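Quick notes on the structure that follows.
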Amino acid sequence: MKAIMATKYETLFHRHGANPILSGKDWPYSMNSVFNAGVTRLQDGTTLLLCRVEDRRGLSHLCAARSANGVDGWQIDREPTLMPDADNYPEEVWGIEDPRITYVPELKKYAVAYTSYSRGGPGVSLALTEDFRTFERFGVVMVPDDKDAALLPRRINGFWALIHRPMTPLGAHVWISYSPDLRHWGNHKLMLEARRGAWWDANKIGMSPPPIETSRGWLMIYHGVRRTPSSSIYRLGLALFDLKEPEKCLNRGDSWMFAPEAEYERQGDVQDVVFPCGYTIAADGDTINLYYGAADSSIALAHGSIRSLLTWLDANGHSEHSGDRRHRQSS
Ligand code: BMA
């Protein structure tokens, strides 16, 4: 099958030549597929991927892979790192998926927000860890149907902030909620709405990796799901939010900026999916290494520049609050 694609567009993320950098054949134990990894850089500079591993029953758990250069030489835990614990956390009965990692300086811990797949649908669970070997589980913090969550690294006006994606009859939009203690959540605010109609990000969007903190605001890479008669296409767009008031969207890109194109993104257990759950930022403070699940079958890497993402957004975006909205009646 030969794909027909547009060619005249700016490339913001460059795929690594070694892609996919991790797949099932690298795994030390029997499984089906590995994809959608949460990412962080540890104190000693090691890149840690907390990978979603789907077993041969179809249920997922999380497994850590560590690498000195973030590209190869991965040391993969010999056994699952975090297994669903349905006895104590019944909401994890059908597995745990798609972790997003945030280092929280105030706690000196990593917060892992992940999807717990309960009989009532997917919800958001939270856990803290210092070493990715032992975890303190907080259980469900957002009831089903909800997913695509990440904690902001610090309090906003004294409250912890969690970005997430509840599913409502009016669509799947991105929300932000606040908590004094990471357990009790409220002050829910709509952050970013799925567009409607023919748009690439109509009806269903979700935050992909945790937002990137820049001097101009929280830069969010989000996925839009375009339903087609044959399947769905997961593509990525950009939006910028106010640093002090993160529910306030300052700018949102019109077109997508990264989409399934490579063979390993187009073909797999689920075709046409690019799904990043994390990144590292290089010592220059600008280069972003984006790790993404490809076609729900492997993990791939692409690098970009935060400055270029912001420049692109200036040229290709609109404020969600100004008269620009009127100008975009079609949204
Ligand atoms: C989403 C999530 C992701 C997955 C994607 C494509 O709803 O469940 O884990 O990669 O669908 O199947």
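The values are calculated or read from the model by the stated rules, or taken from the named source; none is laboratory data. No experiment lies behind these values; they were computed from the predicted model shown. With ideal geometry, Cβ positions are generated from the backbone for all residues, glycine too; neighbour counts draw on all protein chains shown. Accessible surface areas use protein heavy atoms only, side chains included; no ligands, DNA or RNA. Shrake-Rupley method; radii C 1.70, N 1.55, O 1.52, S 1.80 Å.
Worth pointing out:
- The listed residues are W74, W160, W94, and the only one of them that is of a type in the set (F, W, Y) and touching a helix residue (DSSP H, G or I) at 6+ places or on another chain (Cβ under 8 Å) turns out to be W74.
- Failed condition for N203, given (1) within 14 Å of the chain's Cα centre (by Cα); (2) modelled with pLDDT under 95: (1)
- The stretch 253-269 - residue that is acidic (D, E) and within 13 Å of the ligand (Cβ to nearest atom) and, of those, least open to solvent (accessible area, probe 1.4 Å): E265
- Every condition in (1) under 16 Å from the mean Cα position of the chain (by Cα); (2) within 19 Å of T47 (Cβ to Cβ); (3) among the small types (G, A, S) holds for S305 except the one numbered (1).
- Looking only at the stretch 270-311, residues that are away from the ligand (no atom under 16 Å from the Cβ) and assigned to a strand (DSSP E or B) come to 11 in all.
- Taking every residue in the stretch 221-235 that is β-branched (V, I, T) and pairing it with any residue that is in a strand (DSSP E or B) and near the ligand (Cβ under 10 Å from one of its atoms), at least 6 positions away or on another chain, the pairs with Cβ-Cβ distances below 6 Å are V225/K204; V225/S232; V225/Y234.
- Test: residue in the stretch 232-252 that is basic (K, R), within 16 Å of the ligand (Cβ to nearest atom) and part of a strand (DSSP E or B): yes
- Taking the criterion of being closer than 14 Å to R15 by Cβ, part of a loop (DSSP other than H, G, I, E, B) and out of contact with any helix residue (DSSP H, G or I) (no Cβ under 9 Å at 6 or more places or on another chain), the residues of the stretch 256-269 that qualify are E261, A262.
- Pairs meeting the criteria (first residue in the stretch 267-286 and without any contact (Cβ under 8 Å) to a residue 24 or more places away in the chain, second residue open to solvent by less than 10 Å² (accessible area, probe 1.4 Å), beta carbons under 9 Å, at least 6 apart or on different chains) are A282/I288.
- Matching residues in the stretch 207-231 - criterion: being under 24 Å from N36 (Cβ atoms), modelled with pLDDT of 95 or more and not in a strand (DSSP E or B): S208, P209, P210, P211
- Residue in the stretch 136-156 that is within 16 Å of the ligand (Cβ to nearest atom), within 16 Å of W218 (Cα to Cα) and either in a strand (DSSP E or B) or in contact (Cβ under 8 Å) with a residue 40 or more places away in the chain (or both) present: yes
- Count of the stretch 291-331 residues which are modelled with pLDDT of 95 or more, over 16 Å from W218 (Cα atoms), open to solvent by less than 20 Å² (accessible area, probe 1.4 Å) and not polar (S, T, N, Q): 10
- Of the residues making up the stretch 220-246, those that are open to solvent by 10 Å² or more (accessible area, probe 1.4 Å) and not charged (D, E, K, R) are T228, P229, S230, S231, S232, I233, Y234, L243.
- Under the condition of being closer than 28 Å to A259 by Cβ, within 15 Å of the ligand (Cβ to nearest atom) and open to solvent by 20 Å² or more (accessible area, probe 1.4 Å), the residues counted in the stretch 25-59 number 4.
- Test: residue in the stretch 146-155 that is within 17 Å of the chain's Cα centre (by Cα) and open to solvent by 50 Å² or more (accessible area, probe 1.4 Å): yes
- Flag for R15 being open to solvent by 20 Å² or more (accessible area, probe 1.4 Å), under 17 Å from the mean Cα position of the chain (by Cα), at pLDDT 95 or above and of a type outside the set (D, E): no
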